[in-house]
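Here the structure is laid out as structure tokens; the discussion comes afterwards.
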Amino acid sequence: MALISLDKVSKIYPKGTRPALDNINLDIERGDFVFLVGASGSGKTTLLSLLLREEEATSGEIRVAGNDLRRISNRQVPQYRRSLGFVFQDYKLLNNKTVWENVAFALEVIGTRRSTIKSLVPKVLDTVGLTGKEKNYPHELSGGEQQRVAIARAYVNHPQILLADEPTGNLDPTTSLGIMEVLDSINRTGTTVVMATHNEEIVNSMRKRVVELHNGKIVRDEAHGSYDSALFFPDAEVEARSDKANHIAAPARAAIEVGEGQSEGIARLANSVHSGRTGRYGETFAPIEDTLTWGKGLPLDEQAAALEETQAFDPLKDTADGAVTSSDARDDSRFAPPRVPAPSSPSDSAEAAGQTAAHAHGAEGGSAAAEASSLVPPAPPAPPVPPAQQSAAPVPPAPSDEHNADADKKGE
Ligand SMILES: Nc1ncnc2c1ncn2[C@@H]1O[C@H](COP(=O)(O)OP(=O)(O)OP(=O)(O)O)[C@@H](O)[C@H]1O
């Protein structure tokens, strides 16, 4: 059975003039990487909101990791969300907390022990390339770095599913490439990634599954798809962009025809960014010399070496204050982070552009409590079973030694 399945799902908002989603059928398998594309208003965010159980379907059935979302009570929602991570366009970081505290907070709210937190946080920060930035506050980070914190927070407990709504929406092409490297490497640990995006260049380079929405309906579902925003919406502006989009997509199409491995998508995206074929943003940003450090892709041997390193990791020796218990050591052994290249200082200047946009987009403000309520409490660490062997389990009970908030398990 698919990890995520939607069967004849419709969503009509109270004030909606037409269904935001209209009789959708969609299956997403464990380990998939799916781009949701489509014009503004086509229903991408609504679909993600349904999967998050932020909104409920008006009709139809949605199953996620064995859970029938119609049967999940409001009280059970926080626990359901522990098997999910989510990342937004505007990061939603807690601005009065450091990088370390932002990630740790995601674990604190689900009652994870301090010693486990102390061990997990440095590993996930390493995974997203933020080692050394632990004590920085969000305003002391570039836009790309802020998004890395958000991804670290979403991923710190190795969720089965990562949902991302325009995670590169505020970022320049070079910085977006770094974010895609992180998401791609997370996907290759077995985490299913569903990402809504308008970014044709990313979709056309990565050659992942593409599900295109138009007026709430799925109009296309391709295993190795591309995206041309002009296709369904020919107006003057998108028609003008259309040639450019085709120009970007052509090399990617040619490449996929000869058959390529999973990490080739990142290499193509890097190539596209560094060759200047960076879509409508291309001309604005850093010269190739300044961005070359991003162009290395993510070689599999590097990945394998990182995993070996993780397996050799001894949590009893390797914490700030050394206070890790043997049960923590068990928990930590389940976390096998992928390794991605850290942002280099030359590209920081490019990321700074993203930072400005992020602040303008409302990354600041709001109480910690309000922001916390939108924070995903990550799932307890999953055992490192290969994706094909993992079984879809209904909302798992929180381990009694790890979690102290049981209220949401007690039903209605
Ligand atoms: N809370 C709401 N109440 C009423 N209508 C809504 C609400 N949220 C979304 N809609 C409508 O539902 C439709 C789908 O919106 P949705 O935000 O899912 O689109 P989208 O593809 O994510 O767009 P974008 O790319 O701009 O984020 C739109 O017509 C939108 O106006």
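Extending 7 Å from the Cα toward the beta-carbon at both Arg70 and Glu134 defines two label points whose distance is 4.9 nm. Around the Cα centre of region 77-136, unit charges on the Cβ atoms of Lys, Arg, Asp and Glu (plus for the first two, minus for the last two) sum to a dipole of about 180 debye.
Ranked from largest to smallest solvent-accessible area, with a 1.4 Å probe on the protein heavy atoms, Arg207, Arg188 come out as Arg188, Arg207.
For the pair His198 and Glu56, label points projected 7 Å from Cα toward Cβ lie 3.2 nm apart. Annotation: Glu140 carries an accessible surface of approximately 90 Å², with a 1.4 Å probe and no ligand, DNA or RNA atoms counted. Taking label points 7 Å from Cα along the Cα-to-Cβ direction, Val109 and Ala223 give a separation of 3.9 nm.
Solvent exposure of Asp27, expressed as accessible area, is near 80 Å², computed with a probe of 1.4 Å over the protein chains only. The charge dipole of region 24-175, taken about its Cα centre with unit charges on the Cβ atoms of Lys, Arg (+1), Asp and Glu (-1) only, comes to about 700 debye.
Using a cut-off of 26 Å between Cα atoms, the listed pairs Lys15/Lys97; Lys8/Lys92; Lys8/Lys208 include Lys15/Lys97; Lys8/Lys92 as exceeding that distance.
Kirkwood hydrodynamic radius of region 91-222, from the reciprocal of the average inverse Cα-Cα distance over all distinct pairs: 15.6 Å.
The values are calculated or read from the model by the stated rules, or taken from the named source; none is laboratory data. Not measured: the values here are computed from a predicted model. When we count neighbours, we look across all protein chains shown, and the Cβ atoms used for this are built from the backbone with ideal geometry, even at glycine. Heavy atoms of the whole protein, side chains included, go into the accessibility calculation; ligands, DNA and RNA do not. Shrake-Rupley method; radii C 1.70, N 1.55, O 1.52, S 1.80 Å.
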